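The values are calculated or read from the model by the stated rules, or taken from the named source; none is laboratory data. In this text, all values refer to a predicted model and were calculated from it rather than measured experimentally. Cβ placement follows ideal geometry from the backbone for every residue including glycine, while neighbour counts extend to all protein chains displayed. The protein model used for the area step is the full one, side chains on, heavy atoms only, and it has no ligands, DNA or RNA in it. Shrake-Rupley method; radii C 1.70, N 1.55, O 1.52, S 1.80 Å.
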Protein chains: 2
Amino acid sequence: MPKIVDADERRREIAEALWRLAMRQGLEAASLSAVAAEAGVSKGRLQHYFASREEMLLFAVGYANERLDERVRRRLAEQTDPRPMAAVRALVLALLPVDEESRTGALVNVAFFIRALATPALSDTFRRGSAELLRKISGYLREARESGEFAAGLDVEQEAKVLLALAGGLSSGMLMGGTSAEEATATLDHHLARLRP
Amino acid sequence: MPKIVDADERRREIAEALWRLAMRQGLEAASLSAVAAEAGVSKGRLQHYFASREEMLLFAVGYANERLDERVRRRLAEQTDPRPMAAVRALVLALLPVDEESRTGALVNVAFFIRALATPALSDTFRRGSAELLRKISGYLREARESGEFAAGLDVEQEAKVLLALAGGLSSGMLMGGTSAEEATATLDHHLARLRP
């Protein structure tokens, strides 16, 4: 029986080859030919999965978002403390480049960022990702308020925005090597402490 | 009398041509030849100012940092409220892409970011820039504490880190178009309010 390769699985492998290239040489270097070579397939084979470079880029960003979602879900599932503020903390920590996988994800994000500014389909994907994270954080903060874990008088929407921006800024500092994982976690915990009553 | 062109002024013009190219086509496209063409000088002329592409990139990042410093100083000088917390606010606002100049600066930052990760001289420049901003913010927060504008019990160093990370995250959101200048300013003001007694 011939080995059946799932088309989506092959697309994901190609997306990961694209990421590796983008991180090593910048996104501009990631042509269809270069990505095919990196993925170990012919250019014709690659074009069987992606008709254009644009389509390949869009898939790669969408897949990076999926991986982030998975990481967030995994972190939340591993969370033994059932309280909503512990979920907020786990969620924000999942956004920080604390290990190889999340570091790769954060680097992919930066590599695509500039290009996304000029590519509506890509920037939509970015904005949807942020809106979804904001929605998730706000949801947990609202639960925290109901369970008495969230200081009275704080604005859920504003606090969610502060937390998401904080995660973004801490990520950049960590990628650049100026901020350690311990330092970023301490800054986050310092901030979370004041959201509690 | 022949027109005397200041060498530093010419270097800055070349750096600005490099930025325009990097923003339009990504940093990878910014070869010595392409930047020379964008700046309207010959490649030989450009090499009179920069012996290598690496040297040109390093100058361009350093110059972007200088421009940011100038913007911060200008914002602080324009600030009519003499209180330290007003200076903190002006400083953080100067880091956000609220107008064409600061947007260009923020885009240059992102364009160089990935490359800086693999280039020690560039990442040093980035890290020095962040450390200097952190030092400035901490300085104002310390003054604010002395003048009674900063809530008792808050940690100056941690609050400075939160503010700098917040500025970074809000900038990314603004560049991507998901966050308006008004919204980012409201989030910052919301956060600053809690630092006051």
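Quick one: which helices (runs of 4 or more DSSP H) lie wholly within the range A:57-153 and hold at least 2 residues that are under 30 Å from A:Gln47 (Cβ atoms) and assigned by TED's automatic domain parsing to the domain that holds A:Leu46?
Numbers: elements: A:84-95, A:100-117, A:120-146.
In the range A:57-153, there are no helices (runs of 4 or more DSSP H) which contain 2 or more residues that are under 30 Å from A:Gln47 (Cβ atoms) and assigned by TED's automatic domain parsing to the domain that holds A:Leu46.
Identify all residues within the range B:110-127 that are open to solvent by 40 Å² or more (accessible area, probe 1.4 Å), closer than 22 Å to B:Gly169 by Cβ and touching a residue at least 60 places away in the same chain (Cβ under 8 Å); write none if there are none. Steps first, answer last, please.
Within the range B:110-127, the first condition is being open to solvent by 40 Å² or more (accessible area, probe 1.4 Å), and the residues that meet it are B:115, B:117-118, B:120-121, B:124, B:127.
Filter again for closer than 22 Å to B:Gly169 by Cβ, leaving B:115, B:117, B:127.
Of everything in the range B:110-127, just one residue is open to solvent by 40 Å² or more (accessible area, probe 1.4 Å), closer than 22 Å to B:Gly169 by Cβ and touching a residue at least 60 places away in the same chain (Cβ under 8 Å), namely B:Arg115.
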Quiz item: Is there any pair with a first residue in the range B:182-197 that is more than 8 Å from chain A (Cβ to nearest Cβ) and over 16 Å from B:Ala94 (Cβ atoms) and a second that is in a helix (DSSP H, G or I) and of a type in the set (A, V, I, L, M, F, W, C) whose Cβ atoms are under 7 Å apart and which are 6 or more apart or on different chains, and what are they?
Solution: B:Arg196/B:Met85
Quiz prompt | Condition broken by B:Ser172, with the remaining ones in (1) in contact with a helix residue (DSSP H, G or I) (Cβ under 6 Å, 6 or more places away or on another chain); (2) open to solvent by 10 Å² or more (accessible area, probe 1.4 Å); (3) within 21 Å of A:Ala193 (Cα to Cα) satisfied | solution = (3)
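Looking at the range A:147-155, can you tell me whether even one residue there is open to solvent by 30 Å² or more (accessible area, probe 1.4 Å) and at pLDDT 95 or above?
From the range A:147-155, those open to solvent by 30 Å² or more (accessible area, probe 1.4 Å) are A:147-148, A:152-155; that's our starting set.
Subsequent filtering for residues that are at pLDDT 95 or above retains none.
No: the range A:147-155 contains no residue that is open to solvent by 30 Å² or more (accessible area, probe 1.4 Å) and at pLDDT 95 or above.
For the range A:157-181, which residues satisfy the criterion of being farther than 15 Å from A:Arg103 by Cα and not β-branched (Val, Ile, Thr)? So that I can check it myself, show each step before the final result.
If we filter the range A:157-181 for residues that are farther than 15 Å from A:Arg103 by Cα, which is where we start, we get A:157-166.
Answer for the range A:157-181, where residues must be farther than 15 Å from A:Arg103 by Cα and not β-branched (Val, Ile, Thr): A:Glu157, A:Gln158, A:Glu159, A:Ala160, A:Lys161, A:Leu163, A:Leu164, A:Ala165, A:Leu166.
Restricting to the range B:12-28, and then to whatever is open to solvent by 70 Å² or more (accessible area, probe 1.4 Å) and among the acidic types (Asp, Glu), can you tell me which residue is farthest from the other protein chains (Cβ to nearest Cβ)?
In the first step, residues of the range B:12-28 are kept if they are open to solvent by 70 Å² or more (accessible area, probe 1.4 Å); the result is B:13, B:20, B:24-25, B:28.
From what is left, the residues that are among the acidic types (Asp, Glu) are B:13, B:28.
On the way: B:Glu13: 22, B:Glu28: 4 Å.
Residue satisfying both the conditions and the ranking: B:Glu13.
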